[in-house]
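The values are calculated or read from the model by the stated rules, or taken from the named source; none is laboratory data. Remember, it's a predicted structure, so these values are computed and weren't measured experimentally. Cβ coordinates were reconstructed from backbone atoms using ideal geometry, including for glycine residues, and neighbour counts include every protein chain displayed.
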Amino acid sequence: MIKITKAGYHGILLPELSIGLDYSGNDADYIFISHAHADHMPRNRKLTVYATPPTAELMRRRGFSGEIIKMSFGEPLETGQARITLYPAGHILGSAMTFVESELGSVLYTGDYRTPPSPTSEGFQLPDAKVDQFITEATFSLPIYKWKSHEELKMEVHKFASDSLADGYTPIFLAYNLGKAQEIMHMLRGMNHPIQIHGAGYKLCDVYETFGFDLGNYEAYDRATCEGKILIAPSSAPETGFASNVKKVRTAYCSGWASSEARMAQMTVDALIPLSDHLDFFELLDVCEQLQPEKVWITHTPNPDVVQYFLNKKGIDSGFLDLEATDQD
Amino acid sequence: MSQSFHSLAQLAQSVLETRGTNAKIKLAAEYFRNLDDEQDLRLAAQFLGEGAFSDVSGKRASVGHRTIALQAAEFCEIDYDMVFKPSRTAIGSASETIQKLFENLPEAKAKWSAGNLTLQQIADIYEELYITSGRDAKQQILQNAWSKMTPLETKFFIRIMGGGSLRIGFETKSVVNAISKAFKKDLESVRYAHMITGSLGDTAVLAKNGNLHKATFELFHPLSFMLASPIESRAVENLEQYIAEEKFDGMRCQAHIEGQKIELYSRDLNQITTSFPEILDFFKERNLPEVVFDGEICVFKENTILPFQLLQKRMGVKKPSKKLLSQYPVLFIAYDLLYLDGKPLFEDSLLKRREKLEEIADTYNLPVTSQMEIGSQEDVEELFQRALAHGNEGLMLKLKNSTYEYGQRRKSWLKVKKPSGSLDTVIMYAHAGSGKRGGKYSDFTLGISVKDDERYEEEFIPIGKAYGGYSNDELDEINKRIKKITLERFGPTLLLKPEIMVELEFEDIQINKRTKAGYTLRLPRFKAIRWDLATKDADTLKDVERMFQQKLDEEREAQGRNPSFVWE
């Protein structure tokens with residue numbers, strides 16, 4: 001079995017193979033970055049890393065200045081000791097699972113993932129080869145989390161936008177500016193209604209278009225002209241005056257965390273749309289069952305015990321690699 | 001044809017998801033209007049605003065949170081501690097957790113199917129819970145009920161059963177509003193009918209049938225109590241329009257009497273008759289006409305009103321022993337008369353009611369409060385000091401020409417109270433909140449210092465748990481801060497490094513042997529977060545003991561020259 005260590009917030013290290021996974025330390029020869037969300041990008045912005053072409057481009061836009069060696073899905077890298085292949089993770093554009101094969105055995109590291117995949121990602125695919133050790137994120141690690149189908153959520157998003165506009169309100173979708181924001185724009189493209197997106201998300205949109213995802217008729221948020229358009233902003237935006245000049249707005253919070261009633265009161269929003277870019281609890285169990293690894297390592301979760309409880313029931317051995325989950329979904 | 005409970009649950013969910021009180025009222029009004037059957041309407045209004053039973057019924061389903069949670073875990077075939085508890089912590093509401101688990105887990109899904117139960121069938125289930133005792137039997141009833149409901153229904157079934165808020169942002173006032181709107185009746189008359197009947201269900205039916213004017217007060221149906229506002233919050237301009245009474249350190253009580261038939265009701269309108277046999281005997285001996293008194297039960301011994309702490313030994317004891325009766329004898333002191341000889345008096349002025357009350361008290365030899373005229377702030381001060389000397393809480397100022405505003409807390413009655421105590425304490429534990437505060441740490445265990453106390457090995461021990469008194473900003477600030485000082489995590493509870501100091505305000509100190517400190521505080525709440533204090537500034541257990549002793553040792557003047565109440 002390949003030895004797996006975790007180094008606090010620095011990510012995961014396979015020391016025998018000198019491989020780092022979403023790793024920030026400088027003691028690994030090969031570092032693979034699963035996707036361009038801040039909690040997975042290296043803290044050391046000058047490292048040399050491997051990533052898919054879209055992830056590479058998104059990392060650049062978000063300030064990473066080290067060398068990024070681009071690797072396409074399904075095209076393995078041989079290090080002499082190991083063979084590494086990236087598989088599409090379905091989380092956001094460019095997101096990849098890292099599959100490591102060696103004489104010591106194999107490891108699949110998910111990064112963040114979602115299945116069924118986000119329509120604004122390259123899909124989701126597991127390796128055909130045997131996975132000995134499976135390192136999986138478990139952000140939504142309780143049986144209270146079960147997502148609606150993409151079609152249902154798309155209808156909710158559409159309905160919220162069109163009802164608000166019909167009633168004379170400007171709809172605001174609060175969604176994380178990389179991934180969720182573009183997914184919502186993609187969902188809404190058929191409405192042909194102008195969209196304005198907050199600046200931090202705006203500068204990432206053309207990367208999606210470059211890689212073939214249509215985001216519809218959009219422009220950067222402009223306070224003076226935003227009224228009556230569909231607005232997309234991160235959840236912190238309303239506190240900082242976003243669209244505060246528009247009197248009649250309705251706000252929808254779009255997140256996996258939007259699945260409890262208390263959030264509605266806390267966030268003072270008009271609607272909660274539980275759209276997540278992670279897989280739900282039951283999908284997680286299904287993936288584990290499908291892979292039948294020797295060992296499941298659970299990371300990025302507040303409740304490893306619960307996942308382990310359910311995996312035990314299925315006779316799957318598991319352990320906890322304690323990387324704290326972040327609230328950023 | 002009786003209406004389905006499912007449609008009520010859907011209505012409640014829509015109300016929850018709708019923002020704005022008027023929009024919520026509109027939804028409920030439409031729903032009420034479409035209920036053809038009277039009994040359905042009665043139950044729907046009651047379920048939305050009161051709970052499983054009408055407030056005046058005095059009934060409760062009496063199913064504990066733990067019973068519900070354990071049964072739900074069994075229904076899902078999951079471990080309670082391992083799975084249910086963390087799920088509830090994440091969501092912040094047990095009933096919502098149950099809804100989701102029932103929707104998601106295959107083991108639970110296999111057990112329920114939509115049985116399309118009617119409102120009446122739901123009422124019957126609550127009734128069954130009321131008459132059944134024992135956890136096992138109650139759990140069996142829950143299990144059966146849940147197996148015939150959708151998870152959405154189960155969620156609201158549980159919330160209604162609790163009798164608290166449905167947590168849909170729709171309280172009694174809104175239900176009254178919706179009834180008024182549904183049947184196009186004047187809001188004031190709907191409100192009046194509700195006050196009189198004490199029942200939202202009856203009110204809705206009266207409104208539907210155009211019978212609001214028939215709402216009449218009946219003996220042995222308790223009326224909501226008139227409440228007092230603290231004087232600090234109300235500017236009193238014309239003191240001479242008020243009269244003063246001493247505010248007793250006792251228990252509010254409404255006595256309904258018709259000759260030998262007597263019932264006593266507490267502040268929350270529960271029957272407490274059997275707890276106080278000496279009051280029953282007292283009234284029986286006098287063979288009163290039909291009357292309703294508002295008054296106070298106090299421990300009264302050797303011509304002295306004794307502290308509330310002693311009355312507590314009698315509260316909740318349904319069949320007090322002879323010993324208890326002789327140790328803590330109680331007296332009912334009347335201060336208002338609400339009904340006499342078939343006529344409600346609450347529309348009369350206080351002066352008029354008082355006149356009649358005094359007549360009856362004279363005739364039948366009953367204790368009634370002393371009333372004092374006041375003309376100036378100095379009078380208030382002097383009377384206040386005298387009340388404290390009697391061991392009473394302070395003064396009540398009552399507007400002479402006010403009607404009995406049942407269920408209202410306005411400025412017709414004002415209370416002048418001794419400032420309550422406060423302690424400088426340190427936050428020891430933070431607990432995840434529920435309901436509106438789900439997902440935040442909103443409840444805190446506060447500690448006092450025992451580091452120089454040879455009886456303890458710890459540095460701090462808990463003295464109380466507080467979950468209010470802070471602003472939203474302060475709560476956010478604390479939540480931010482506790483992330484950095486969390487030492488350990490036990491499910492929903494965080495053990496914190498002692499650091500954040502809180503000035504804790506409370507109403508009273510009571511002995512409680514089951515706590516580490518040996519004392520508990522009554523109504524503890526944040527007065528201020530004291531970022532300026534350090535843990536070395538925390539008050540000590542010795543301070544608490546001293547405060548308690550002071551309260552007990554306070555000289556209580558026997559009733560003498562200027563008595564708190566008159567009893568010929």
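Would you be able to say whether some residue in region A:240-254 is within 19 Å of the chain's Cα centre (by Cα) and not basic (Lys, Arg)?
yes
Residue-by-condition table, conditions (1) aromatic (Phe, Trp, Tyr); (2) touching a Phe, Trp or Tyr at 6+ places or on another chain (Cβ under 9 Å):
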| site | (1), (2) |
| --- | --- |
| B:252 | no, yes |
| B:263 | no, yes |
| B:266 | no, no |
| B:269 | no, yes |
| B:272 | no, yes |
| B:293 | yes, yes |
| B:307 | no, no |
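Go through region B:30-58 and give me each residue that's in contact (Cβ under 8 Å) with a residue 40 or more places away in the chain and hydrophobic (A, V, I, L, M, F, W, C).
B:32, B:41, B:43, B:44, B:45, B:47, B:48, B:52, B:53, B:56
When region A:141-174 is examined, which residues are found to be touching a Ser or Thr at 6+ places or on another chain (Cβ under 7 Å) and in a loop (DSSP other than H, G, I, E, B)?
Across region A:141-174, the qualifying residues are A:141, A:142, A:143, A:144, A:145, A:147.
Among the candidates B:14, B:62, which residue alone is touching a helix residue (DSSP H, G or I) at 6+ places or on another chain (Cβ under 9 Å), surrounded by fewer than 16 Cβ atoms within 10 Å (Cβ to Cβ) and outside any helix (DSSP H, G or I)?
B:62
Where in region A:29-133 are the strands (runs of 3 or more DSSP E), entirely inside, with at least 1 residues that are in contact (Cβ under 8 Å) with a residue 60 or more places away in the chain and touching a Pro at 6+ places or on another chain (Cβ under 7 Å)?
Answer list for region A:29-133: A:82-88, A:96-102, A:105-109.
What number of residues within region B:305-335 satisfy the criterion of being surrounded by 18 or more Cβ atoms within 10 Å (Cβ to Cβ) and out of contact with any helix residue (DSSP H, G or I) (no Cβ under 9 Å at 6 or more places or on another chain)?
5
Given (1) surrounded by fewer than 16 Cβ atoms within 10 Å (Cβ to Cβ); (2) touching a Phe, Trp or Tyr at 6+ places or on another chain (Cβ under 8 Å); (3) in a loop (DSSP other than H, G, I, E, B), where does residue B:114 come up short, assuming only one miss?
Of everything listed in (1) surrounded by fewer than 16 Cβ atoms within 10 Å (Cβ to Cβ); (2) touching a Phe, Trp or Tyr at 6+ places or on another chain (Cβ under 8 Å); (3) in a loop (DSSP other than H, G, I, E, B), residue B:114 misses just condition (2).
What number of residues within region B:135-170 satisfy the criterion of being surrounded by fewer than 17 Cβ atoms within 10 Å (Cβ to Cβ) and within 14 Å of chain A (Cβ to nearest Cβ)?
Adding up the residues that qualify gives 1.
Would you mind finding the one in A:116, A:127, A:76 that is of a type outside the set (Ser, Thr, Tyr) and farther than 21 Å from residue A:12 by Cα?
On inspection, the qualifying residue turns out to be A:116.
Provide a single number: the residues in region B:168-208 that are within 29 Å of residue B:17 (Cβ to Cβ), among the hydrophobic types (A, V, I, L, M, F, W, C) and out of contact with any helix residue (DSSP H, G or I) (no Cβ under 7 Å at 6 or more places or on another chain).
Counting residues in region B:168-208 that are within 29 Å of residue B:17 (Cβ to Cβ), among the hydrophobic types (A, V, I, L, M, F, W, C) and out of contact with any helix residue (DSSP H, G or I) (no Cβ under 7 Å at 6 or more places or on another chain) gives 0.
Look at region A:137-170 and say how many of its residues are surrounded by 14 or more Cβ atoms within 10 Å (Cβ to Cβ), away from chain B (no Cβ under 14 Å) and among the aliphatic types (A, V, I, L, M).
Residues that pass the stated criteria total 4.
Test residue B:542 against the stated conditions and say whether it is surrounded by fewer than 18 Cβ atoms within 10 Å (Cβ to Cβ), over 12 Å from residue B:423 (Cβ atoms) and not small (Gly, Ala, Ser). Before the answer, list the steps.
On the way: surrounded by fewer than 18 Cβ atoms within 10 Å (Cβ to Cβ): yes; over 12 Å from residue B:423 (Cβ atoms): no; not small (Gly, Ala, Ser): yes.
No: the conditions fail for residue B:542.
Can you find a residue that is in contact with a Cys (Cβ under 8 Å, 6 or more places away or on another chain), outside the structural domain of residue B:266 (by TED's automatic domain parsing) and not hydroxyl-bearing (Ser, Thr, Tyr) anywhere in region B:86-104?
yes
Per-residue answers, yes or no, for (1) β-branched (Val, Ile, Thr); (2) crowded, with 22+ Cβ neighbours inside 10 Å; (3) touching a helix residue (DSSP H, G or I) at 6+ places or on another chain (Cβ under 8 Å):
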residue: A:3; (1), (2), (3): no, no, yes
residue: A:6; (1), (2), (3): no, no, no
residue: A:11; (1), (2), (3): no, yes, no
residue: A:14; (1), (2), (3): no, yes, no
residue: A:18; (1), (2), (3): no, no, no
residue: A:35; (1), (2), (3): no, yes, yes
residue: A:38; (1), (2), (3): no, no, no
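Would you call residue B:542 on the phi < 0 side of the Ramachandran plot, of a type in the set (Lys, Arg), touching a residue at least 60 places away in the same chain (Cβ under 8 Å) and in a strand (DSSP E or B)?
no
Kindly indicate whether residue A:307 is in the same structural domain as residue A:40 (by TED's automatic domain parsing), under 24 Å from residue A:89 (Cβ atoms), modelled with pLDDT of 95 or more and β-branched (Val, Ile, Thr).
yes
Looking at (1) more than 10 Å from chain A (Cβ to nearest Cβ); (2) in a helix (DSSP H, G or I), can you tell me which one residue B:99 breaks?
Condition not satisfied by residue B:99: (1).
Would you pick out the residues in region B:125-156 that are assigned to a loop (DSSP other than H, G, I, E, B), modelled with pLDDT of 95 or more and not basic (Lys, Arg)?
B:147, B:149, B:150 - these are the residues of region B:125-156 that are assigned to a loop (DSSP other than H, G, I, E, B), modelled with pLDDT of 95 or more and not basic (Lys, Arg).
Conditions first: (1) in the same structural domain as residue A:54 (by TED's automatic domain parsing); (2) surrounded by 15 or more Cβ atoms within 10 Å (Cβ to Cβ); (3) among the small types (Gly, Ala, Ser); (4) over 29 Å from residue B:92 (Cα atoms). Residue A:123 passes all but one, so which condition is the exception?
(2)
Does any residue of region B:59-82 turn out to be over 22 Å from residue B:119 (Cβ atoms), among the hydroxyl-bearing types (Ser, Thr, Tyr) and without any contact (Cβ under 8 Å) to a residue 24 or more places away in the chain?
Within region B:59-82, one or more residues are over 22 Å from residue B:119 (Cβ atoms), among the hydroxyl-bearing types (Ser, Thr, Tyr) and without any contact (Cβ under 8 Å) to a residue 24 or more places away in the chain.
Hey, which of the strands (runs of 3 or more DSSP E) in region B:211-260, taking only ones fully inside, have at least 3 residues that are surrounded by 18 or more Cβ atoms within 10 Å (Cβ to Cβ)?
Because the criterion is at least 3 residues that are surrounded by 18 or more Cβ atoms within 10 Å (Cβ to Cβ), the strands (runs of 3 or more DSSP E) in region B:211-260 that meet it are B:242-247, B:251-259.
Determine whether region B:479-491 contains at least one residue that is under 30 Å from residue B:83 (Cα atoms), touching a residue at least 12 places away in the same chain (Cβ under 8 Å) and assigned to a loop (DSSP other than H, G, I, E, B).
yes
Any idea which residue in region B:19-59 is modelled with the highest pLDDT, counting only those that are surrounded by fewer than 18 Cβ atoms within 10 Å (Cβ to Cβ) and at positive phi?
B:20
What residue, among those in region B:334-372 that are within 26 Å of the chain's Cα centre (by Cα) and among the acidic types (Asp, Glu), is farthest from residue B:215 (Cα to Cα)?
Among residues in region B:334-372 that are within 26 Å of the chain's Cα centre (by Cα) and among the acidic types (Asp, Glu), the one farthest from residue B:215 (Cα to Cα) is B:336.
Filter region B:419-463 for residues that are within 14 Å of another protein chain (Cβ to nearest Cβ) and part of a loop (DSSP other than H, G, I, E, B); which is surrounded by the most Cβ atoms within 10 Å (Cβ to Cβ)?
B:434
Go through region B:455-485 and give me each residue that's over 15 Å from residue B:517 (Cβ atoms) and charged (D, E, K, R).
Passing the criteria: B:473, B:474, B:476, B:477, B:480, B:481, B:483, B:484.
Does region B:77-93 hold any residues that are assigned to a helix (DSSP H, G or I) and more than 7 Å from chain A (Cβ to nearest Cβ), and which are they? Please lay out each step first, then the result.
From region B:77-93, those assigned to a helix (DSSP H, G or I) are B:80-91; that's our starting set.
Residues satisfying the conditions are B:80, B:81, B:84, B:85, B:88, B:89.
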